[in-house]
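Read-outs throughout are calculated quantities, based only on the coordinates presented, and are distinct from any laboratory measurement. Computed from a predicted model, the values in this text were never measured in an experiment. Quick reminder, even Gly has a Cβ in these numbers, built from the backbone with ideal geometry, and neighbours come from all protein chains shown.
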Amino acid sequence: MAGVTLDQVTKVYDGANESAVDKLSLNIDDGEFVVFVGPSGCGKSTALRMIAGLEQITDGDVRIGPDVVNLIPPKDRDIAMVFQNYALYPHMTVERNLDYPLRIAGVEKDELKKRVTDIARTLQLTELLDRKPAQLSGGQRQRVAMGRALIRRPAVFLMDEPLSNLDAKLRVSMRAEIARIQRDLGVTTVYVTHDQVEAMTMGDRVVVLNGGELQQVAPPELLYNRPQNVFVAGFIGSPAMNLWSSTFTLHDDGSGEVAIGEQALQVPVAVVESHPGLELLDGQGVTVGIRPDDMHDDATPESETTVVAKITLREALGSEVICHLDVDQKRLMIDDPDLEEMAAEGLSPEIDFVGRFAPTSVAAAGTEHTVRVDANKLHFFDAGTGLRLEETTA
Ligand SMILES: Nc1ncnc2c1ncn2[C@@H]1O[C@H](COP(=O)(O)OP(=O)(O)O)[C@@H](O)[C@H]1O
Ligand SMILES: [Mg+2]
C-alpha cells in the first residue's frame, strides 16, 4: 500500500481560461480515508481523475508512494476506482463479477477462490455469491462493484460520488458500510462527494475545495469548530452557520460588542482576549458567525450575550426545534443549498437567522423571543479576506 501526495497540482482544460484545479497540495497518509467535498464544479472529480491517471496533469506532480506517476497510465498505477455509475456484468453471478479482474490477470484458481472468499466476507456478500446482479438490491450491487475494485488489492482506492444513485436511507447505511470496509482493509482511500454530511461522517480528514482551490484540510471536528474562512464556515454544517457583516466596538472594560441589525451583541472580555486580532478592529468591519446550535431559547436576565428575535417559522422535528429568527440583519449567503431551498419555498432566507433549540422549546411562530447566544462559540472573520481571526487556546 501507499500514500498519495499532490504537489501544486493544476488542471486547465483545453480552451478554458480558469483552472479547474489550482495548485492543489496535499499529503494523504498510507491507509488514510480522505474525503474531497465542495459544491458542484469545484474540481473534485478533476482532482480525483488526475490521481487515477484519467486526466492529464497541466502542472505539478502526483505521487503514489515515492513515485511521480504523472505519465504512468491508469492501469499501471496500482489504483482502483468506483464511480457513481458502476456497471456489473448482468449475465455473470456475483462470484464471477468479483473474480473477473483476477481471471483477466491470470491469477491461479486456488488464489482466486481465496481472494473471493475474503472480499465477500469483508463486504458481506458470502450469501449472495450465486446470484445475478438483477437479484440484488441497490446497496448489494454497490458492494459488488466495490468488491470488484478492491479484489486486486490496489494501493489506492478512489471513489467518485459512489452513493448518489441510491435512495436516502440506503445512502446512510452504505456510508457506514464503506467506512467499515475501508478500516478493515486499511487501503488508502480518496472519496469524492458534494454532500458535506457524507464527508463529515466518513473521512479521517476532509478536504474542502471551492473554485478549484483548497480551502481547508482538517479532521471533521476541527473543520466544524474552527473553519479557516467564511466559505468553509458557511459550507460545513446543516443548518448552515449564521454569518453576517458586522462592526466591532471595543468597550473601556475590555469587552466589546458586534452589531446585529440595530442591536448590539455583547462580546465578553474573555472572548475579546482570546481573539488577538479583535481589539485592533475597534470601530471597523468584521464578519461574524454563530452556529444554529449555539443559539438557545433559555435566556435569563443574567444572560450577557442576547439578541431579540421575531420567530418567523418554527419547525418541531422531535429531537430539536428549528426556529427561523428575524433579527433585522441580512445574512451572508455562501453556497448554501438549504437557503436556496427556502428561497424557492417563498421564505426570506436573506434575512432569517436560524436557531436550533431544545425539543422542549416553547418559542412560538409570530412571537418575539430573547435568544441567548453562546459567546464562546462566536466565529470572527476578517471582513476583507474572509480569513478566520484565530483564537488562542487556553
Ligand atoms: N472534460 C472537461 N472539459 C472542460 N471542462 C471541464 C471538463 N470536466 C470538467 N470541467 C470543468 O472543470 C471544473 C471542475 O469540474 P469537476 O472536476 O467535474 O467538478 P466537481 O466534480 O467538483 O463537480 C468545472 O468548471 C467543469 O465545468
Ligand atoms: Mg464530480
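Would you work out which of Thr300, Pro101, Ser274 lies farthest towards the positive end of the dipole of the chain, given +1 charges on the beta-carbon of Lys and Arg and -1 on that of Asp and Glu, about the Cα centre?
Pro101
With the radius of gyration and the Kirkwood radius both derived from the Cα set of the range 239-382, what is their ratio Rg to Rh?
With Rh from the inverse mean 1/r over Cα pairs, Rg/Rh is 0.97.
Taking a cut-off of 12 Å between Cα atoms, list the aspartates and glutamates near Lys109, but don't count ones fewer than 8 places away on the same chain.
Answer for Lys109, where 12 Å is the Cα cut-off: Asp99, listed by chain and number.
Could you work out the helix-only [θ] at 222 nm for the chain, with each DSSP H run of four or more residues adding -39,500 (n - 2.57) and the total divided by the number of residues, to the nearest 500 deg cm²/dmol?
-7000 deg cm²/dmol
Sorted by average packing, counted as other Cβ atoms within 10 angstrom per residue and highest first, what order do 41-47, 275-281 take?
Put in order of decreasing packing, that is 41-47, 275-281.
With respect to the cross-link table entries Lys75/Lys132; Lys44/Lys113; Lys11/Lys377; Lys11/Lys75, which display a Cα-Cα separation exceeding 29 Å?
Pairs exceeding the cut-off: Lys44/Lys113; Lys11/Lys377.
Can you run the Rg to Rh ratio on the range 203-283? Use alpha carbon positions and the Kirkwood inverse-distance Rh.
Computed over Cα atoms, the ratio is 1.06.
Find how many whole Å separate the alpha carbon centroid of the range 298-338 from the alpha carbon centroid of the range 172-247.
Measuring centre to centre over Cα atoms gives 24 Å.
Tell me, what does the Kirkwood hydrodynamic radius of the range 264-328 come to in angstroms if you use every pair of distinct C-alpha atoms?
14.3 Å
What span do the alpha-carbon atoms of the chain cover on each of the three principal axes, reported in whole Å from largest to smallest?
Largest to smallest, the principal-axis extents are 79, 45, 43 Å.
By Kyte-Doolittle mean hydropathy of at least -0.5 and Cα axial length of at least 24 Å, which whole DSSP H helices of the chain are selected?
Long hydrophobic helices here: 168-185.
For the range 4-234, what does the relative contact order come out to in percent, with C-alpha contacts under 8 Å and a separation of six or more?
Relative contact order, the range 4-234: 28 percent.
What are the radius of gyration and Dmax of the range 26-99, computed over its Cα atoms and given in Å?
Computed over the Cα atoms of the range 26-99, radius of gyration and Dmax are 15.0, 43 Å.
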